[in-house]
Each structure stands twice: as C-alpha cells, then as structure tokens.
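Beneath this line is the structure, given in structure tokens, with notes to follow.
The values are calculated or read from the model by the stated rules, or taken from the named source; none is laboratory data. Remember, predicted model here, so these are calculated numbers, not experimental data. Here the Cβ positions follow ideal geometry from the backbone for every residue, glycine too, while neighbour counts run over all protein chains shown.
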Amino acid sequence: MDRSLYVIPNETPVCQLDATEAFKALNSQEKKYAHYIAKASFDGALSVFLQVSPESPAILYVLYKIFKTESIENLKQKAKDVGFSDDEFAALLVYAAAFYSNSGNYKGFGDTKIVPGVAVEKIGALVEKLSDEKLKNVWKSIEKVVGSLEAGELQLGFGDKGVTCYHSKNVTKKDAAKIDRYFKLKNIESWNSRLFKEVDSNGKVTFIVKLASGETGEVSESSFEDVTVKVVKGDYSPIMKRTNEWLAKAIPVAANENQKKMIENYIAHFTNGDINLHKNGSRYWIKDVGPTIESYIGFIENYRDPAGTRSEFEGFVAAVNKETSKKFQKLVENAEEILKRLPWGKAYEKDTFLKPDFTALDVIAFGSSGIPAGINIPNYDDIRQNEGFKNVSLGNVISAQPKQKMNFLDEEDEDLMFKYHKDSFEVQVGLHELLGHGSGKLFQKNQDGSFNFDKENTKDIISGGKIGTWYEPGETWSSKFGPLASAYEECRAEAVGYVLCCDKDILEIFGYTGDLAQDVKYVNWLSEIRAGLMALEFYQAEQKKWGQAHCYARYVLTKVVLEAGEGFVQIIEKQGEDGKPDLHFKLDRTKIDSVGKPAVNAFLAKLQGYKSTGDFEGGKALFESYGKVGETELRWRNVCIQRRKPRRLFVQPNTVEKNGEIQLITYNSDASGVIQSFVERYEELAIEDLIQCWENDKKWF
C-alpha cells in the first residue's frame, strides 16, 4: 500500500477564487441577495458531509472545534509540545484544508480516501490538550478510521466494496436496482433521497427511502415485489431548515418575480422533500434570463452515488461577467445551425432547440465537494428536453491556475499550454456545456402509448435498421444508464467540444482568428487528450474500476484517438533525467482535422445512438471496450502516479452583513486561509445541527 496516494502533499497549491471586482460592481440590493443565497448554499452543503462517509461529519466537528478554539499560532505551539515537527503541523493544515474543500474525507474529484500526513496519534494528543470534553469524545469515536486504509475504505462504493452514506452499509447493487424499479413504477425520481435497509428477526426486509426536508414524517408505505418500501421525509432536517431561513431572506431583495417564485418553490421543496417543487423552481430559474446575480441550489449532480441516481447537494451564487457573456450569447444565437454539424442528423436532435441563457460568471460562493469550470442545468430530462436549460461558464475558476511543471510535454508544448490554456478551456467549456450537454434527443414512449419520434421511419445509427429500444414511461437517462451515465455523458459532451473547436467560424465567435485560432485549437486537443492519459492516476487498479466520471470520459477519448493511428497521438515510454520511468506525450497538430476529428466524430455518433435509443447494453459494451486498462496502460498509470502533481485547492471568500451592508471578506491563498474561511463561514449552531444529524445516522452505519 502506497500511503502517499491518499495523503494531500504539503506543497499543494491554493488558488484564490477572486470575486472582488465582480462583487464591487453589485448594488446594495444585489449584494444582499448574493449574501443570502451564499449562506443558504454553504449551510445546505453541510449535508454533503453526511452523504460521503460515516466519519466525515465528526471529522468536520473536530477540525472546526480545534481551529475555532485556537489561533493557528497557538495551535502550532501546542502541536510542538506534543511532538509535531513543522512539516507535520503543515500536513495537518493541508489535511484540514483539503477535507473542507472536498466536503469530507474522500476526494470530490477521484473518490479516494484522504488521510492525514501526520500520525493520527499526534492529532489525538493535540485534541487532548484542548479543554472541550465533547470534542474529545467525538474524536475518540472516529480516531481509528481517520487514518485507516483498510481495503474496503479506499474509495467510495457500495458497502461491500467501498464507502458511501447514500445507502446504509447493507444495501447492495441488487437492492438499489430493485428500488429503482419501484421508483419507475411509482414515477418517483430519487435525486434528493437516501436508501436504508432494515431486516427484522424473521428476515423481513423493509427499505426506507429518506427524502431531504425540514419536515419529518412518513409519506407512504407499500409492498413491492418481496419487500416493504417506506418513503419518509426529514433527512438532514435541521440543515434544510437552516437553508430555508436564508432563502426566505433573499425573497424581499430578489430582482424580479421569476426569482421570487423560484425561491418560494425551493423553500417548499426543502420543507417537504417533493422533487416536483424543485422542478417548478427550476422552471422559473430558466425563465430568469440574463440576471446580474446567477444562482442554483438543490440536490443536483449524481456523480458520487454508486448507483448513479442520488445526488449531492450543491448551491452557488455568482456575478455575471457581461463582456465575456456576449461571446456565449453569440454561440447560443448560432447554436441551431452549429448543431447540424454534429454526426447524428435531425431525427436525433430535439424537435426545437430551446435557446438557453448562457453566461460567464465569477463565483462568489460555491457549496459542494468541488467547483466545476462550467455547468449545464437543470439535470431533469423532461425539463431539458421540452422546456429548456441554462449554461454557465465559471470564469474565475478557469483563470485560477497554479503554474506547475506540466508532465510529459516537451518545452514548446508546455509553453503553449501555459500561454493558451485559459483561452482554449473557455472554448471547450462553452462547446461542452451548450452543444454537448445541450444536444441530442431521448426517444421516449409516452404514457398514452405514443412516441416522441417517428418510430417507423427513423433509422438506428448503429444498425441502420429500425429503432428497437427507447425510454419507457418513468425511465430517465440516469435510471437507465445508472453508474455509467455520468462518465458516458461527460464523454459525449467532451467529444462535441473536440470536434466543434476545429471550425474556424466557431473560434471566431470567441475572438480567435488566424494563427492564434490554430494555437487555441491545438492547445484544446493537446490539453484534453493529455488529460486522458493523466486520468490513469484515478483508475482503481485493484478493483479494475474507474471512479471519477470526467477522468473515465477523458481516458476513453484518448483511447479513441490512439486507435486512430497514423502517428496522430504518441505516448512514448522513456527514462527521465532523474533516472526514473517517464513518458513523452506528443500530438501531431497537422492531423487534427484529417485523423483526430473523423475518429472522434465516428465515436460520437455511436455514443448518441445508444443514448437516444436507451440501449444501455450496447452503450456499455462500446464504452467499456475503450475504457479497458491493459498492461501498457498500467505501466503508464504507474508513471502518472509517481510523477503526479497535487491538485489545486480553492480558498473562497465569505460575505458578511454589518450595519445593514454586505462586505466581501477574502483570505490568504494557503491552507491557513482555507481553514480560516471555513471556520468563519459557519456559526457553531450549524455545526451542532450537523452533529445531531450524524447521531441520527449512526444506526445505519
């Protein structure tokens, strides 16, 4: 066991999520609105710690109390008194910063466990020097697991192979599939739920579906197949109540009726757990076109649920960058024509392209286990297909790049990457979100037996014959493709970005022409395909399993272009200057249009074909054939691990209300800054609410 794989290095870069200028540009009312949504987002995100691992809420409590009680300087002296070296104290700070940033002790990007780079016994000795008895008791209840790397604790997964709190430990993959069938029968969507399994002394099985809500109580009880299914509300109840208190304060300072109606529906949803109320809120959100302050909140992304259907809480608020947004709006205006270039034809595209709002944002607050560079939401299939969606590009996330040595590149390519990374990534995010996630049609059978496509005359992209599969009533993309859905969809969206960034007129929309456009295009392909090689770090070799969806997606596309041959992509094994194994990654820029684009286009057509028809078995076979990791790739993986660079952490600002005015507080770009921002973000009662939820959950884990 290489323990270093699970320790966040002391040299991990911390980047400022800079929202200073964006916040200054807001008026007093807008600042208040941003503040209340930010507080709702951060308080609601406490539920993520309850979704990740049984010990995460308690670790949060311990770290919060340690750093709330003492200044960093005083703690450092006390740590020295119990035997910490300077490096070990730095390791504690980095562990705490990484834990906060990932909303738990499993990586938000990668799903593997995070353990301290200092002996757990020394942390325990430091806790003993503090005078808080409850703190000591909480620490004692979890100290054995904090640094443990037992086989079943290394990554997220179902209880027999990994760790999750989306399900009780005794829930199996087969159990989750059974409840998915129940949801389909009852036309329920599981976004804001968790699943728990009870077995009585007679072997009778009862599944309890818990809905996130402030209210508590039973919603329904019914028999299904050979089990009883109870649906109850009240999961994370104190946290949901706290979230609603902040949302209610935002209503009087909302900019328009759509925002007010949106928040009212969110409040109702967080009160009683009805997902249809969140859908209604999302409908008002879609109608709120071109706001100065953009936000979204709820149980949104299902990347980390082993079953691929339940979602992590996420909330953000951001200020719109109007100048950069003009580029994206121009992309939207041209989207209907651009979509015709994708390799699947009119029958596989939505009947009407519902032109979305697409804005560039500077994030003020983002509560979740990680901060993406772009988002396409809502994730509800019926709304996306029939009513619309929004895209956002998070500019201050894209621009916050540490200058680290880029492995496996020659000096010329590395220089180009540093020079044009932000430009190329902005293009990729725009195409990925709008024309990737925003494209394609799901072939559905309606409740009345009719179809939303021409069943008799539409040809199957894959076979050339008639369409033989589709989505039955109650089936969604997530429920049909399950744990594969996220990686598959990210791969499809990523591939759209690859092929469309080759088009001269699209690059012109972003302001790139001539040689500059060619460099931006090249850097996009170079960056994305190299990322597929680097993704091998996140492959779980012992389990022969991919965890992180984006990594799996990028690796698959890298395999697609490697298969294209003709020397387009070369990964050469060599010896480094340090005498250790190394790799050289090279992309032939003269063959992007002639070799790379045709290969990705052909693969993209197949991805869409299987997705549109709901052919999970066909899609799975295709995807997994490219996702295989053989002996050669395992050698590459070893090199990637040995030469890996630490992933950046973000330090976010806080907003505070003083004398009726809202101020933005910023922090140092280091681990101490992350810790200070987090401790100041939460009042003690919020952390006590979290611990109460943790106590309630103990019986299941």
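General observations
- Sole exception among (1) touching a residue at least 40 places away in the same chain (Cβ under 8 Å); (2) over 17 Å from the mean Cα position of the chain (by Cα); (3) surrounded by 18 or more Cβ atoms within 10 Å (Cβ to Cβ); (4) in the same structural domain as Ile691 (by TED's automatic domain parsing) for Phe49, by number: (2)
- Residues in segment 410-457 that are surrounded by fewer than 18 Cβ atoms within 10 Å (Cβ to Cβ) and among the hydroxyl-bearing types (Ser, Thr, Tyr): Ser450 only.
- In segment 629-701, counting only strands (runs of 3 or more DSSP E) that sit wholly within it, the ones holding 2 or more residues that are hydrophobic (A, V, I, L, M, F, W, C) and at negative phi span 649-651, 661-665.
- Test: residue in segment 589-610 that is touching a strand residue (DSSP E or B) at 6+ places or on another chain (Cβ under 6 Å), aliphatic (A, V, I, L, M) and crowded, with 17+ Cβ neighbours inside 10 Å: no
- Matching residues in segment 15-35 - criterion: being part of a loop (DSSP other than H, G, I, E, B) and under 14 Å from Gly395 (Cβ atoms): Leu17, Asp18, Ala19, Ala25
For every residue, the table says whether it meets (1) assigned by TED's automatic domain parsing to the domain that holds Val219; (2) in contact with a His (Cβ under 8 Å, 6 or more places away or on another chain); (3) not β-branched (Val, Ile, Thr).
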{"position": "Tyr166", "(1), (2), (3)": "no, no, yes"}
{"position": "Ala177", "(1), (2), (3)": "yes, no, yes"}
{"position": "Asp180", "(1), (2), (3)": "yes, no, yes"}
{"position": "Phe183", "(1), (2), (3)": "yes, no, yes"}
{"position": "Ile188", "(1), (2), (3)": "yes, no, no"}
{"position": "Asn192", "(1), (2), (3)": "yes, yes, yes"}
{"position": "Leu195", "(1), (2), (3)": "yes, yes, yes"}
{"position": "Val199", "(1), (2), (3)": "yes, no, no"}
{"position": "Gly203", "(1), (2), (3)": "yes, no, yes"}
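- Residues of segment 192-227 classified as in contact (Cβ under 8 Å) with a residue 24 or more places away in the chain and within 21 Å of Asn696 (Cβ to Cβ), total: 18
- Residue match in segment 589-600 (condition: under 24 Å from the mean Cα position of the chain (by Cα), in the same structural domain as Ser439 (by TED's automatic domain parsing) and at pLDDT 95 or above): no
- Tyr266 meets the conditions (1) touching a residue at least 60 places away in the same chain (Cβ under 8 Å); (2) buried (at least 20 other Cβ atoms within 10 Å of the Cβ); (3) hydroxyl-bearing (Ser, Thr, Tyr); (4) touching a strand residue (DSSP E or B) at 6+ places or on another chain (Cβ under 7 Å) in every case but one. The failed one is (1).
- Selected residue [surrounded by fewer than 23 Cβ atoms within 10 Å (Cβ to Cβ), under 27 Å from Ala602 (Cβ atoms) and touching a residue at least 60 places away in the same chain (Cβ under 8 Å)] from Lys340, Lys346, Lys350: Lys350
- Looking across segment 96-148, the residues that are of a type in the set (Asp, Glu) and assigned to a loop (DSSP other than H, G, I, E, B) come down to Asp111, Asp132.
- Output for segment 539-577, where each listed residue is surrounded by fewer than 22 Cβ atoms within 10 Å (Cβ to Cβ), in contact (Cβ under 8 Å) with a residue 40 or more places away in the chain and hydrophobic (A, V, I, L, M, F, W, C): Ala541, Ile571
- Residue within segment 308-318 that is more than 18 Å from Gly430 (Cβ to Cβ), modelled with pLDDT of 95 or more and basic (Lys, Arg) present: yes
- Residues that are over 15 Å from the mean Cα position of the chain (by Cα) and charged (D, E, K, R) were ranked within segment 86-119; the one that is surrounded by the most Cβ atoms within 10 Å (Cβ to Cβ) is Lys113.
- Here Ile37 passes the criteria (1) outside the structural domain of Ser148 (by TED's automatic domain parsing); (2) surrounded by fewer than 21 Cβ atoms within 10 Å (Cβ to Cβ) except the one numbered (2).
- When segment 177-209 is filtered for residues that are closer than 16 Å to Asp305 by Cα and in contact with a Leu (Cβ under 8 Å, 6 or more places away or on another chain), the ones remaining, listed by number, are Ile179, Asn192, Ser193, Val209.
- From the list Glu688, Glu661, Glu631, the lone residue that is closer than 19 Å to Asp43 by Cβ and not basic (Lys, Arg) is Glu688.
- Top-ranked residue of segment 136-153 - restricted to ones that are modelled with pLDDT of 95 or more and either hydrophobic (A, V, I, L, M, F, W, C) or touching a Pro at 6+ places or on another chain (Cβ under 9 Å) (or both), ranked as surrounded by the fewest Cβ atoms within 10 Å (Cβ to Cβ): Leu149
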